[in-house]
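The values are calculated or read from the model by the stated rules, or taken from the named source; none is laboratory data. None of the values given here were measured: they were computed from a predicted structure. FYI the Cβ positions are ideal-geometry reconstructions off the backbone, even for glycines, and counts take in every protein chain you see. The protein model used for the area step is the full one, side chains on, heavy atoms only, and it has no ligands, DNA or RNA in it. Shrake-Rupley method; radii C 1.70, N 1.55, O 1.52, S 1.80 Å.
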Amino acid sequence: GEDVEQSLFLSVREGDSSVINCTYTDSSSTYLYWYKQEPGAGLQLLTYIFSNMDMKQDQRLTVLLNKKDKHLSLRIADTQTGDSAIYFCAETPPKGSKLSFGAGTTVTVRA
Amino acid sequence: GAVVSQHPSRVICKSGTSVKIECRSLDFQATTMFWYRQFPKQSLMLMATSNEGSKATYEQGVEKDKFLINHASLTLSTLTVTSAHPEDSSFYICSARDVGGAYTEQFFGPGTRLTVL
């Protein structure tokens, strides 16, 4: 969606960290999400962050939110081949459950 | 965990026929389900919001007579692509919102690949 932007591709070596970036325009966004889509499959929620948080860590995943710059990032530590997928950033407004998705970042993990 | 299924996973049909896709929430109740369309290497486009017991809300530019949505129960929504044409070929994904969820998480189905010949 035009309200959420992501870079389209990321190539990373196995074992390195991956950082996927996202910017959004709606300052009233309440929740921001990261979804993972493997080939031919639906979306899997990886993690989410509430807009009053700056950071959230969940095992290998770290989400950073800069609300002033409307910038969201997802860091994957020790990237594995199974992390190769498309990652979507998404946001919802305060009074709705409609998700606005970015175009998705295709992450390729090379040996 | 919350599971959403879709059936069929893949369908090939002739131009002019109608195709029905089912979306089921397997272990939770969903008053609201969403239907998305995804083109190759593109993001998900919300087509409509399906509300149990009432008419679906369609996004701008989506033909409601072309894409019929029925949300007959708290666990089932169907999308019927009527008089399908090759340009309707796409990956259709549904999601469901858990009525008991603490936040607005949507659980996604695995998607249905529609190919219209």
Mind checking region B:20-60 for trypsin sites (Lys or Arg not before Pro) that DSSP puts in a loop (not H, G, I, E or B) and that have at most 13 other Cβ atoms within 10 Å? B:Lys41, B:Lys55
Give me the mean projected area, in nm² to one decimal, of the convex hull enclosing the Cα positions of chain A. 6.5
Relative counts (whole %) of C-alpha pair distances in region A:36-97, using bins that are 5 Å wide: 4, 14, 25, 24, 18, 10, 4, 1
Residues of region A:41-73 that bury at least 50 Å² of accessible area, probe 1.4 Å, when all protein chains are present rather than the chain alone, are A:Leu43
The B/A contact buries a total accessible area, at probe radius 1.4 Å and rounded to the nearest 100 Å², of 1500
Leaving out ligands and nucleic acids, note down the accessible area per residue over the protein assembly as shown with a 1.4 angstrom probe, in whole Å². 49
Using a 1.4 angstrom probe on heavy atoms only, work out the carbon and sulfur share of the accessible area of chain B in %. 51
What is the distance in Å between the Cα centres of region B:37-103 and region A:14-83? 26
With contacts defined as alpha carbon pairs under 8 Å and 6 or more residues apart, what's the relative contact order of chain B in percent? 36
Among all lysine pairs in the protein assembly as shown that are eight or more places apart or on different chains, how many have alpha carbons less than 14 angstrom apart? 4
How big is the C-alpha Rg of the protein assembly as shown next to the rule-of-thumb value 2.2 N^0.38 Å, as a ratio? 1.02
Mind running the shape call on region B:4-117? Use the C-alpha gyration tensor, a ≥ b ≥ c as the square roots of the eigenvalues: rounded below 1.5 for a/c, prolate if a/b tops b/c, oblate otherwise. prolate
